[in-house]
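The values are calculated or read from the model by the stated rules, or taken from the named source; none is laboratory data. Since the structure is predicted, the reported quantities are computational estimates derived from the model, not experimental observations. A quick note on method: Cβ atoms are made from the backbone with ideal geometry, for glycine too, and the neighbour counts reach across all protein chains shown. These accessible areas exclude ligands, DNA and RNA; they are computed on the full protein's heavy atoms, side chains included. Shrake-Rupley method; radii C 1.70, N 1.55, O 1.52, S 1.80 Å.
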Amino acid sequence: MVVTGVVTEVARLIAANHSYAAARANVADPRPSRHLAVVTCMDARIDVFAALGLHLGEAHVLRNAGGRITEDVLRSLALSSHVLGVDTVVVMQHTKCGLAGVTDAELQERTGADLGFFPIDDHAVALREDIALLTSTPYLQPVRLIAGFVYDVESGEIDDIVRWERPT
Ligand SMILES: [Zn+2]
């Protein structure tokens, strides 16, 4: 049953791609035209492009559990900023996040994975920590502006929590 379910789901993706490929917009330039990267949670309720009024070709979108600044996000942002012209980073956490109000110990127990899961106690605190990490990372010097948002998955509205601009 599980295998059938997977095959069906994959078949749906391939079928959807046929109509997409026929109608898609083509963007030739790999550099985001708004010089923007958005780091946000993988939560299925967040439509990043629609929520922020973005279109194809305009921004990098980096997603993980919680929308936290991990080593891999730093790796991607090193390329975004140095190779692909990004100078603005938005870090967007959200309400009702699965990483809020839990501990590493609980998540390690639940998953059997001995990992740091970057749980969130308080969105404002976590955003400030993540933005401090971005601003103290020496190789992210091309980044001039960072904003920290919390997206409300019920209202669709954004709470504008933190803002940082590189001193000139
Ligand atoms: Zn989340």
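Worth a mention:
- Radius 12 Å from Cβ of Leu133, net charge of other residues (Lys, Arg +1; Asp, Glu -1): -1
- Once the 1.4 Å probe is applied to the protein heavy atoms, the range 12-110 comes out at 57 Å² accessible per residue.
- Cα centroid separation - the range 96-152 against the range 44-63, whole Å: 19 Å
- Net charge dipole size for the range 85-152 [Lys, Arg +1 and Asp, Glu -1 on Cβ; Debye, nearest 20]: 280 debye
- Gaussian network model of the chain, springs between alpha carbon atoms under 10 Å - residue of Gly66, Gly116, Gly98 with greatest fluctuation: Gly116
- Per atom type, the range 33-96 shows carbon and sulfur on 58% of its accessible surface, probed at 1.4 Å.
- Dipole magnitude of the range 36-163, debye to nearest 20 (Cβ charges: Lys/Arg +1, Asp/Glu -1, about Cα centre): 380 debye
- Computed magnitude of the charge dipole of the range 1-83 (debye, nearest 20; Cβ of K, R +1, Cβ of D, E -1): 60 debye
- Size-normalised alpha-carbon gyration radius of the range 26-115, reference 2.2 N^0.38 Å: 1.23
- nm² value of the averaged projected area, convex hull over the Cα atoms of the chain: 12.3 nm²
- Peptides 43-53, 120-130 ordered by packing proxy, namely the average of other Cβ atoms within 10 Å per residue, highest first: 120-130, 43-53.
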